[in-house]
Amino acid sequence: MSIEELKQLEQQAAALLNNQQLPAAQQLYEQVCAADARNADAWMKLGVIHGMQNRHSMAAECLHRSLALKPDSANTRMNYAQALLQSGEFTQASKQYEQVLDTNPESETAWFMLGRCRAELVQLDAAMEAYRKALAIRPEYPQAQYGLGYVLDRLDRNTEAIGHLRQALRLNPDMANAHFSLGHSLQKLGNLQEARDHLQQAVTLNPDNPEFQYGLGTALSVIGKQDEASRHLRRAIQLRPNYPEAAIALAATIVTLGQQDDAQQLVEAVLETHPDNIEAITLAATMDQHRGDINKAHARIRPLLHSGKANINLLLAYATISSKLDETDNAASLMEQMLATDTSLTATGRCNLHFALGKLYDTNKQYQKAFEHYRKGNDLKYARFDPVQHTAGINAIISTHTAAMMSGMPRASIRSDRPVFVVGMPRSGTTLVEQILSSHPDVFGAGELPYLTQQTGSLHPEPTSMDGYPHFVPQLTQQQIDNTAKEYLDQLADLSPDAARVIDKMPGNFALLGYIELLFPDARIIHCKRDPLDTCLSNYFQNFSRSQHFSFNLSHLGAFYTNYLRLMEHWRSIITLPMIEVQYEDMIADQEAGSRRIVDFCGLDWDEQCMDFHKSERYVATASYDQVRRPIYVSSVSRWKNYEKYIGPLIDALK
């Protein structure tokens, strides 16, 4: 081929490349390179074309040939470095970018790309230096702001990371990676709501990224939105079938939704392929504990403890069974050491350790240490409770549900006496009552069913929202009431088609008793009560993962409890549903009399199995799972006296 013909061929190839006709341009450049193997520009263009078609290894090979022929070409070297980076050859790519910077130290792009390579090589300090160099040359460089924020997040310098990630999003609001990293940093600092918002934005911008789906799912799970969380975690696994972290997170999420068998299958599947996965082992052990099999739980985690693998979830699982093993001092020592030395702990991780230590020191009667850890744990919670707004919400429920309104409202035409609602403050004995009743062969304990509270949003009544609860109740039609009742009763049928009674022990249903009367005129209500100070203190000592935002502050607890009492007094005056009140202390003092009373109230014959409720093998997902694995005990009565000197704000609020 003549020189003139080669020039014409190159011109045709260049025109095709300019018009993005890549396959045709590639074919012509291949002919040029075959005819003239020393044509550096043709090799470079051919490499660029391969790179544009994601054939990065072939691109690197062509660009390497071009660079060998024309080593002073900065453009070729940059393209070669990019091809190496895209091929995963991060060390070689770094060397090429460093050579570019030797001759052009003011290239912000080369500094940025060098930062990327070093970040991939986990050379985080060196990556940080490269990103800072890029930003010194061009401060308004969104990708470099993101890169620096990402590295700082990896280094657990989260406050600094957040500043740079916000800058990146100011410059480019649609940068999905920056939203994801910002959400990650915010979550580690305990700002869970804003973290959720940014993770949601990342998913919106790139819904097919499995890591984004996983990140959003875990954040939603932490703030108590398990249904939403499970959907995103399932999507992550769908996008990346071999994703053990997402499978473990999904198992931990759905176990709280009553899907224990599915959760167990997920964990066991992970352990089959990743038998040394500490998170899977720990979750399996935690599920063993909830089933009451302490020996099996200990057998799972004992080898890890002896190997010195101090994973936070492993220590938390160990702490919950340490009292059964007479090893509370060892568990406390390990957790105190982790708090003191592990700088990578997230706010949620520190919070969990403080609550676990509080429980251990309480068990050991070291009350000052216990309270200090409970206080620190609660202070780390991201509380969203406004006592003034809550009072206004309770006022709205009371003013809406008048005797006249209730008498004039229709009742569901679909009748069933299966539902039994066990209500009251959290930690007032609702789980104990459910466990006793569910030991009866004709009763199914469904746990805390979220259907009604989610439907109404009653846990956080918004008196300014005239479309929400309680304001919509007087406008309900017969059809709407029937439809809602049917949906709920269908859920009960799915859970247990044959049981004569099904227990819904969602404590917060105390805010819905008027609504429940309209939906289920033949239902029964069991109201659990307990000493106010013991109730509130038990809430303060419980590491709730969802909803109970009032429990993180002693004054807020007192305000919430006062409103709860006020509302229950109102319900007593207007509802016609059969309701009994079960005093926790009375149940402790005479278990048989109390048990016979609630069984009789449910319209059932007495069964001796109710006296052995602690032997039941049913899975208990709520915070009281440990208590109902033991026979009746009295140590929780008047427990508040151990902490009287520390709970002044609560005592004042209850007055």
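The values are calculated or read from the model by the stated rules, or taken from the named source; none is laboratory data. Quick caveat, the model's predicted, so the values are computed rather than measured. Glycine also receives a Cβ, built like all others from the backbone with ideal geometry; neighbour counts cover every protein chain displayed.
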> Do the conditions hold for Ala621, that is, is it over 30 Å from His390 (Cβ atoms), at pLDDT below 95 and either surrounded by 14 or more Cβ atoms within 10 Å (Cβ to Cβ) or of a type outside the set (Ser, Thr, Tyr) (or both)?
Replying inline: no
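For (1) over 19 Å from Gln86 (Cβ atoms); (2) among the small types (Gly, Ala, Ser); (3) surrounded by fewer than 17 Cβ atoms within 10 Å (Cβ to Cβ), each residue gets a yes or a no:
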site	(1), (2), (3)
Gln27	yes, no, yes
Ala35	yes, yes, yes
His50	no, no, no
Asp72	yes, no, yes
> When both residues are 6+ apart or on different chains and their Cβ atoms are under 7 Å apart, which pairs have a first residue that lies in the stretch 368-382 and is at pLDDT 95 or above, and a second that is in a helix (DSSP H, G or I) and aliphatic (A, V, I, L, M)?
Replying inline: His373/Leu357
> Got a sec? Which of Ser230, Ser181, Ser185 is among the small types (Gly, Ala, Ser), touching a helix residue (DSSP H, G or I) at 6+ places or on another chain (Cβ under 7 Å) and in the same structural domain as Thr256 (by TED's automatic domain parsing)?
Replying inline: Ser230
> Is it the case that Asn311 is surrounded by fewer than 19 Cβ atoms within 10 Å (Cβ to Cβ), of a type outside the set (Val, Ile, Thr) and under 20 Å from Val222 (Cα atoms)?
Replying inline: yes
> Quick check, is Leu305 assigned by TED's automatic domain parsing to the domain that holds Glu336, part of a helix (DSSP H, G or I) and surrounded by fewer than 20 Cβ atoms within 10 Å (Cβ to Cβ)?
Replying inline: yes
>> Please go through (1) under 21 Å from Val473 (Cα atoms); (2) charged (D, E, K, R); (3) outside any loop (DSSP other than H, G, I, E, B) for Arg415 and return the number of the only condition it doesn't satisfy.
In response: (3)
>> Tell me yes or no: at least one residue of the stretch 358-377 is under 30 Å from Gly468 (Cα atoms) and either in contact with a Leu (Cβ under 7 Å, 6 or more places away or on another chain) or part of a loop (DSSP other than H, G, I, E, B) (or both).
In response: no
>> Against the definition (modelled with pLDDT of 90 or more, crowded, with 18+ Cβ neighbours inside 10 Å, small (Gly, Ala, Ser) and closer than 23 Å to Cys351 by Cα), how does Ala202 come out, yes or no?
In response: no
> Quick one: in the stretch 20-29, which of the residues that are at pLDDT 85 or above and of a type outside the set (S, T, N, Q) is nearest to Glu4 (Cα to Cα)?
Replying inline: Leu28
>> Go through (1) touching a residue at least 40 places away in the same chain (Cβ under 8 Å); (2) farther than 20 Å from Glu120 by Cβ; (3) not small (Gly, Ala, Ser) for Asp156 and report which single condition fails.
In response: (2)
>> With the structure loaded, tell me whether Asp522 is touching a residue at least 12 places away in the same chain (Cβ under 8 Å), more than 26 Å from the chain's Cα centre (by Cα) and assigned to a loop (DSSP other than H, G, I, E, B) or whether it fails that test.
In response: yes
> Hey, does the stretch 164-181 have a residue that's under 20 Å from the mean Cα position of the chain (by Cα), in contact (Cβ under 8 Å) with a residue 40 or more places away in the chain and assigned to a helix (DSSP H, G or I)?
Replying inline: no
> Of all residues in the stretch 492-523, how many are crowded, with 21+ Cβ neighbours inside 10 Å, farther than 18 Å from Gln435 by Cβ and of a type in the set (Asp, Glu)?
Replying inline: 1
> (1) of a type outside the set (Ser, Thr, Tyr); (2) in a helix (DSSP H, G or I); (3) touching a residue at least 24 places away in the same chain (Cβ under 8 Å); (4) within 24 Å of His549 (Cβ to Cβ): which one isn't true of Ala285, the others all being true?
Replying inline: (4)
> Pick from Leu84, Leu67, Leu124: which is in contact with a Lys or Arg (Cβ under 7 Å, 6 or more places away or on another chain) and within 29 Å of Gly149 (Cβ to Cβ)?
Replying inline: Leu124
>> Would you confirm, using the coordinates I've provided, whether Lys95 is in a helix (DSSP H, G or I) and modelled with pLDDT under 90?
In response: no
> Any idea which of Leu85, Leu67 is farther than 27 Å from His184 by Cβ, surrounded by 17 or more Cβ atoms within 10 Å (Cβ to Cβ) and in the same structural domain as Ala195 (by TED's automatic domain parsing)?
Replying inline: Leu67
> Got at least one residue in the stretch 233-255 being of a type outside the set (Asp, Glu), crowded, with 18+ Cβ neighbours inside 10 Å and in contact (Cβ under 8 Å) with a residue 40 or more places away in the chain?
Replying inline: yes
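When you check Arg427 against the structure, is it among the basic types (Lys, Arg), in the same structural domain as Met579 (by TED's automatic domain parsing), at pLDDT below 95 and not in a helix (DSSP H, G or I), yes or no?
Numbers: among the basic types (Lys, Arg): yes; in the same structural domain as Met579 (by TED's automatic domain parsing): yes; at pLDDT below 95: yes; not in a helix (DSSP H, G or I): yes.
In short, yes.
For every residue, the table says whether it meets (1) farther than 24 Å from Ser94 by Cβ; (2) of a type outside the set (A, V, I, L, M, F, W, C); (3) modelled with pLDDT of 95 or more; (4) crowded, with 24+ Cβ neighbours inside 10 Å.
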residue	(1), (2), (3), (4)
Glu129	no, yes, yes, no
Pro142	no, yes, yes, no
Gly147	no, yes, yes, yes
Arg154	no, yes, no, no
Ala168	no, no, yes, yes
His179	yes, yes, yes, yes
Ser185	yes, yes, no, yes
Arg196	yes, yes, no, no
> All but one of (1) within 24 Å of Arg196 (Cα to Cα); (2) touching a residue at least 24 places away in the same chain (Cβ under 8 Å) hold for Asp386; which doesn't?
Replying inline: (2)
> Are there any pairs, at least 6 apart or on different chains, whose C-beta atoms fall under 9 Å, with the first in the stretch 564-590 and without any contact (Cβ under 8 Å) to a residue 12 or more places away in the chain and more than 17 Å from His390 (Cβ to Cβ) and the second among the hydrophobic types (A, V, I, L, M, F, W, C) and part of a helix (DSSP H, G or I), and if so, which?
Replying inline: Asp586/Ala593
>> As an exercise: evaluate Ala14 against (1) at pLDDT 85 or above; (2) closer than 25 Å to Ala119 by Cβ; (3) outside any loop (DSSP other than H, G, I, E, B) and give the number of the one condition it does not meet.
In response: (2)
> If you go through the stretch 214-268 one residue at a time, how many are of a type in the set (Gly, Ala, Ser), under 19 Å from Gln200 (Cβ atoms) and in a helix (DSSP H, G or I)?
Replying inline: 9
> Only one residue in Gly358, Gly292 is among the small types (Gly, Ala, Ser), surrounded by 16 or more Cβ atoms within 10 Å (Cβ to Cβ) and closer than 24 Å to Leu192 by Cα. Which one?
Replying inline: Gly358
> Scanning for something part of a helix (DSSP H, G or I), in contact with a Leu (Cβ under 8 Å, 6 or more places away or on another chain) and surrounded by 15 or more Cβ atoms within 10 Å (Cβ to Cβ), does the stretch 380-389 turn up at least one residue?
Replying inline: no
